[in-house]
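A.B. asks: Here you go, one structure.
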Amino acid sequence: MLHNPPMARATGDAEKTDAPTGAWLGGLRAIGHAIVDYALPPRCPACGVIVGDDRQFCLSCWSSLDFLGEPACVHCSIPLPAAALGGALACGACLAEPPPFDGAPAALAYGPVARTVALRLKYGRRTGHARLMARLMARQLARLGEVDAVLLVPVPLHRWRLWSRGFNQAALLADELTRLTGAPRDHHLLLRVKSTASLRGKGRKARERIVSGAFALAPGANARAEGRHLVLVDDVHASGATLRAAARALRRSGAARVSALTWARVVPDAAGGNIFDFASLDSDMHSERMTG
């Protein structure tokens, strides 16, 4: 008993010593952040002007974004006229030929800002943009049902494309969505077994032919997917040829439901009024390099 007070004093002395050390380290970090921000200030991911924080749009670019929501087609999630609000309706294209997925919401309508961010991620190697994109995509994930019930499946790249690029932008988006929402993901459920030509400049039927048979289930995929709600993740939804081909492959897994989620979606107003003009608008269409 006589030894307890000195031990208590020793513990108290250690706590007093740790407090100034923690404050000193915190101050050092703050100084370090200030120096970095001064030398390399955070910039708008679209136009490059200096902004207040990392992965933050400037007011002008933020104001130009066209966020998508309801009303939308129950199958492909393309926006419908406001007069359709209040009912579960399908667009004309899906009534004529239902797609192989149940819902395909996107965070934004495809436009100059959404395009720039997507290209800088994919070709400018700005991999940090994936976190910004996923933050806006996460709000649309809730439209597809309970987050705990879904399994995120990034649209895969063929191994040659993956080796040349060094990363799969869809996989980065899926990783960030998992971090933000807790939804599980599986990078290896779906394989891209055929190296396909660029879809740039191709019409709708040509795109369908190019991606036909491009995807296959990985060994053991059925056991992991059976009865699950699979959500394909990609950056841009234009003609939807890639997403439809991937969804058809996932349908063979025994999944209860297959949906899709993207960063940006081509809609009539954003694409100059012609929803079927996809000659230069698709997620896998470009070979250009972005350095800006």
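The values are calculated or read from the model by the stated rules, or taken from the named source; none is laboratory data. Remember, predicted model here, so these are calculated numbers, not experimental data. Please note: Cβ atoms are built from the backbone with ideal geometry, for glycine as well, and neighbour counts cover all protein chains shown. Areas reflect the complete protein model, heavy atoms only, side chains present, ligands, DNA and RNA absent. Shrake-Rupley method; radii C 1.70, N 1.55, O 1.52, S 1.80 Å.
A.B. asks: Only one of (1) over 17 Å from the mean Cα position of the chain (by Cα); (2) modelled with pLDDT of 90 or more; (3) under 22 Å from Leu232 (Cα atoms); (4) not β-branched (Val, Ile, Thr) fails for Glu146. Which number is that?
C.D. replies: Every condition holds for Glu146 apart from (2).
A.B. asks: Scanning the range 192-233 for residues that are touching a helix residue (DSSP H, G or I) at 6+ places or on another chain (Cβ under 6 Å), at pLDDT below 80 and closer than 22 Å to Glu97 by Cβ, which turns out surrounded by the most Cβ atoms within 10 Å (Cβ to Cβ)?
C.D. replies: Looking at residues that are touching a helix residue (DSSP H, G or I) at 6+ places or on another chain (Cβ under 6 Å), at pLDDT below 80 and closer than 22 Å to Glu97 by Cβ, I get Leu199.
A quick yes/no check of all residues on (1) farther than 25 Å from Arg126 by Cβ; (2) modelled with pLDDT of 95 or more:
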site: Leu173; (1), (2): no, yes
site: Val258; (1), (2): yes, yes
site: Thr262; (1), (2): no, yes
site: Gly272; (1), (2): yes, no
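A.B. asks: Looking at the range 34-45, I want the residues that are within 22 Å of Leu59 (Cβ to Cβ) and open to solvent by less than 30 Å² (accessible area, probe 1.4 Å) and have a partner that is among the aromatic types (Phe, Trp, Tyr) and modelled with pLDDT of 85 or more with Cβ atoms under 8 Å, at least 6 apart or on another chain. Which pairs are those?
C.D. replies: Cys44/Phe57; Pro45/Phe57
A.B. asks: Conditions first: (1) open to solvent by less than 20 Å² (accessible area, probe 1.4 Å); (2) in contact with a Gly (Cβ under 9 Å, 6 or more places away or on another chain). Asp66 passes all but one, so which condition is the exception?
C.D. replies: Among (1) open to solvent by less than 20 Å² (accessible area, probe 1.4 Å); (2) in contact with a Gly (Cβ under 9 Å, 6 or more places away or on another chain), Asp66 violates only (1).
A.B. asks: Of everything in the range 212-257, what is part of a strand (DSSP E or B) and among the aliphatic types (A, V, I, L, M)? Give them in sequence order.
C.D. replies: Ala216, Leu217, Leu230, Val231, Leu232, Val233, Val236, listed by residue number.
A.B. asks: Within the range 235-251, can you find the residues that are open to solvent by less than 10 Å² (accessible area, probe 1.4 Å) and charged (D, E, K, R)?
C.D. replies: Answer for the range 235-251, where residues must be open to solvent by less than 10 Å² (accessible area, probe 1.4 Å) and charged (D, E, K, R): just Asp235.
A.B. asks: Please find, among Arg139, Arg185, Arg135, Arg159, the residue that is open to solvent by 30 Å² or more (accessible area, probe 1.4 Å), farther than 22 Å from Asp102 by Cβ, under 15 Å from the mean Cα position of the chain (by Cα) and not acidic (Asp, Glu).
C.D. replies: Within the list Arg139, Arg185, Arg135, Arg159, the selection yields Arg135.
A.B. asks: Another question about this same structure. Restricting to the range 198-228, give me the number of residues that are among the small types (Gly, Ala, Ser) and more than 19 Å from Arg248 (Cβ to Cβ).
C.D. replies: Taking the range 198-228 and keeping what is among the small types (Gly, Ala, Ser), we get 198, 201, 203, 206, 212-214, 216, 218, 220-221, 223, 225, 227.
Checking the rest, the ones that are also more than 19 Å from Arg248 (Cβ to Cβ) come to 198, 201, 203, 220, 223.
Adding up the residues that qualify gives 5.
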